[in-house]
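In what follows, a single structure is set out as structure tokens and then discussed.
Laboratory data are not the source of any read-out in this text; all were calculated from the coordinates shown. Source: prediction; values computed, not measured. Positions of Cβ are generated from backbone atoms using ideal geometry, with glycine treated the same way; all protein chains shown enter the neighbour counts.
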Amino acid sequence: MQKIAATLRHRELTQEIYNIGDEVAEYIEHLAEAIADYDGELTEDCLAEFNEIIEDARVDARAIIGELIGLRQALTSGVRAGVLSASASDEEKVPEPELLDARGLEELFPVSGALLRVDDMQTSLISRTDLVTQHLSEIVEFVLEQTDMVARELGVVSLPHLYARIGDIVRVAVTGWIETVVHDHPAFARTMRGSNPPAFLEERARIDAIVAKVAAKRSLRGA
């Protein structure tokens, strides 16, 4: 019975690792959607939410990994205890995304110069936005792949350190976009805002409507 309980707990904690990675990836996607809509205020709100998620992910991952290490040692020790494989993964680590900051965006897509046309400036600002959203999408893939690697082999990556680095990479890219597009060119950002409404806002509105409906029914029953 003890081994069955340990195995079930191991599965539960392994799923929790995936859940943490999914949540971090989800909030990065929220940032990408807000940026694609040129919504500076929403992007800043999403960045604040992302910072909280990253801190929670680091704390939760540290606790889960610690318990999982003990469980895996127990489940892989002894001649008759071979429930899990203790072998290390042979897969190569996924390359970490590079930093993309405000200076990089300005160098790649300049908007200054006496001969620069308005159309060229708009093209550069759109290109900055597209690059940042693409960069965030690549970070999402990196997070999910790294999380999967840890779920299968605990020692391959330190999840708390991984999420700390991801937090830095995302913050630099997002703040770089806010600075070089929203703050430096507010009229352009206002003009473009609303061109790509974020899907996650619709999902939040749908959930809020369901919650409100349930609350209304409970209120009527209690009346």
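Label-to-label distance, GLU107 versus GLU49, with points set 7 angstrom from Cα along the beta-carbon direction: 3.3 nm. In whole angstrom, note down how far apart the Cα centers of segment 11-62 and segment 191-211 are. So the separation of the two Cα centres works out to 17 Å. Computed from the C-beta positions of VAL172 and LEU8, the FRET efficiency with R₀ = 45 Å rounds to 0.65.
Under a Gaussian network description of the chain, with springs only between Cα atoms under 10 Å, the residue in VAL182, VAL59, VAL211 that fluctuates furthest is VAL211. Working note: 222 nm ellipticity from helices only, DSSP H runs with n ≥ 4, each -39,500 (n - 2.57), summed and divided by the residues of the chain, gives -25500 deg cm²/dmol to the nearest 500. Using Cβ point charges alone (K and R +1, D and E -1), the dipole size of the chain about the Cα centre works out to roughly 1260 debye.
Here the calculated FRET efficiency for LEU220 and TYR18, from their Cβ-Cβ distance with R0 = 45 Å, stands at 0.70, rounded to the nearest 0.05. From the square roots a ≥ b ≥ c of the eigenvalues of the alpha-carbon gyration tensor of segment 158-223, which class results: rounded (a/c under 1.5), prolate (a/b over b/c), or oblate? Oblate, because a/c is 1.5 or more while a/b does not exceed b/c. Taking a ≥ b ≥ c as the square roots of the eigenvalues of the Cα gyration tensor, an a/c ratio of 1.5 or more together with a/b no larger than b/c marks segment 108-223 as oblate. Its relative contact order, with pairs defined as Cα atoms under 8 Å and 6+ residues apart, puts the chain at 34 percent. Take 3-15, 25-37 and order them by the average number of nearby Cβ atoms within 10 Å per residue, most first; the result is 25-37, 3-15. Fully extending the segment from VAL211 to LEU99, taken as 0.36 nm per residue of separation minus the present Cα-Cα distance, adds 36.3 nm.
Classified by the C-alpha gyration tensor, the chain has an oblate form. Its axis ratio a/c, with a ≥ b ≥ c, is 1.5 or above, and a/b does not exceed b/c.
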